[in-house]
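Please treat every number below as a calculation from the coordinates, not as lab data. All of these numbers come straight from a predicted model, not from anything done at the bench. Cβ sites come from the backbone with ideal geometry, for glycine too, and all protein chains shown count toward neighbours.
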Amino acid sequence: MRIIIGLYSVLALVSIAQGQISSLLQHPAVRAAMAYIEREDEQTLRMQAALTEVPAPPFGEARRAAVFADSLRRLGLQDVHIDEEGNVIGFIRGRAPRPLVVLSAHLDTVFPEETDVRVRRSGNRLEAPGISDDGRGLAVIWMVARAIQAARIPLEGTLAIVGTVGEEGIGDLRGVKYLFQRSPLRDQIDYFISVDGAGLGTVTHQALGSKRFRVTFRGPGGHSWGAFGTVNPIHALGRALARIAELPVPATPRTSFNVGRIGGGTSVNSIPYEAWMEIDLRSESPEALAEAEAHLRRYIQQAVEEENAYWPRSRGRIEVEIAVIGDRPSGEIPADHEIVRAASEVITYLGGTPRLGRSSTDANIPIALGIPAVTIGGGGRGGNAHALDEWYENDRGHLGVQQALLLALRLVGLQRR
């Protein structure tokens, strides 16, 4: 999910760079692809709806991956496959293997398997869980591939169309981590573009770091009357929660904390043997994030010690396990870097206003590794992300597809005529 913060205008960066986009559009195949995207806008919407209606819950993206992979094969992409982590990858090869540009969107949603993902349509408005995040992104990169193939654009380098797994929640960016850390492509990717959600104008070039924890308190358990005086894991969790609610974090660099889920116990008249909570920490600064984690761990330990001390005659003691279930690195691609300037140039050319920002997306991983990467929107307008009434409105949505096309071409290059 993309949450843009700290946006600012970068018009000054693109005031003298429009010639490069104009040069691209002098090529007849590029002009044909741009026209094709606008003409086939309804096909983009149909694909967006079709992919959204294939469930892709956390760690359950296989069905959608198979459908997306098949759609790329039918477009004629080369070496289409699903890798060991579950990512879908297909190639449009140019004259040379490099530069290798990845154009990506994520396959997964936040919604469980049983969620009704049928799309409801009224005119240009589509409603369904995941229709924007990231049904829109997947449809955009699919249409970019279709337009390149239809117009037979002669690429200089190679474009990889990638659907990643595990972008949301405790998926912990597992798909893109595999891509950059363990896959055969890990040392070959020159640029990475992620299309996440709707909108035109935002350019995420700063990675918002986060750490997520599952904290489990365990004790001996027992009857609420007969074993009264036994340490209680839920009470220990409550003691910790009271402290965490006042965890000191700086306003600058912006840092946040959230306890998002808690659970445990078996019945109202049983002292539980286990209780757990899941915690999200985020910060613009790795140092501030580390300091918040240190506070968190100290508060949890203090809560355990207090609960154990309060019941000195308990037949057992509270123990705690702190498991890291998410670790998204932070980083930044400079605002004057080629990929950021290129994204801004394209947005300005299409009539938008480029706005740079920070977020937590698939681009976190390449950014942290120093590989040029940005996340952009897929055009149109969207709202209520991660809610059952999530929506997408196709207000000049074709511009989002054209944006992704031009940015990819700007980086991968065209063969000289």
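Structure data summary
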| quantity | calculated |
| --- | --- |
| Cβ-based exposure ranking for 194, 359, in which fewest neighbours within 10 Å come first | 359, 194 |
| The range 127-276, relative contact order in percent, only Cα pairs under 8 angstrom and at least six apart counted | 22 |
| Fully extended contour minus Cα-Cα distance, from residue 181 to residue 246, at 0.36 nm per residue | 19.7 nm |
| Cβ-placed point charges (K, R +1; D, E -1), dipole of the range 209-328 about Cα centre in debye, nearest 20 | 220 |
| Ascending count of other beta-carbon atoms within 10 Å, so fewest first, for 348, 109 | 348, 109 |
| Computed label-point distance, nm, for sites residue 389 and residue 115 using a 7 Å Cα→Cβ extension | 1.6 |
| Positive-end residue, the chain charge dipole about Cα centroid, Cβ charges, pick of 171, 130, 193 | 193 |
| Ranking of 391, 225, 142 by count of other Cβ atoms within 10 Å, fewest first | 225, 391, 142 |
| Degrees, to the nearest 10: 286-310 long Cα axis against longest axis of the chain | 20 |
| Nearest-0.05 FRET efficiency for residue 313 and residue 79, computed from C-beta distance (R0 56 Å) | 0.25 |
| Ellipticity estimate at 222 nm from DSSP helix runs (n ≥ 4, -39,500 (n - 2.57)) divided over the chain, nearest 500 | -10500 deg cm²/dmol |
| Full-extension gain in nm, residue 62 to residue 188, via 0.36 nm per residue minus C-alpha separation | 42.8 nm |
| Those residues of the range 363-378 whose amide nitrogen sits under 11 Å from the label point placed on residue 25, 7 Å along Cα→Cβ | none |
| Simple label model, 7 Å out from Cα along Cβ direction - residue 337 to residue 287, nm | 2.2 |
| For peptides 117-129, 148-160, sequence by mean Cβ density within 10 Å, most packed first | 148-160, 117-129 |
| Gain on full stretching of the segment that runs from residue 268 to residue 38 - 0.36 nm per residue minus C-alpha separation | 76.8 nm |
| Rounded tilt (10° steps) of 28-39 against the dominant C-alpha axis of the chain | 60 |
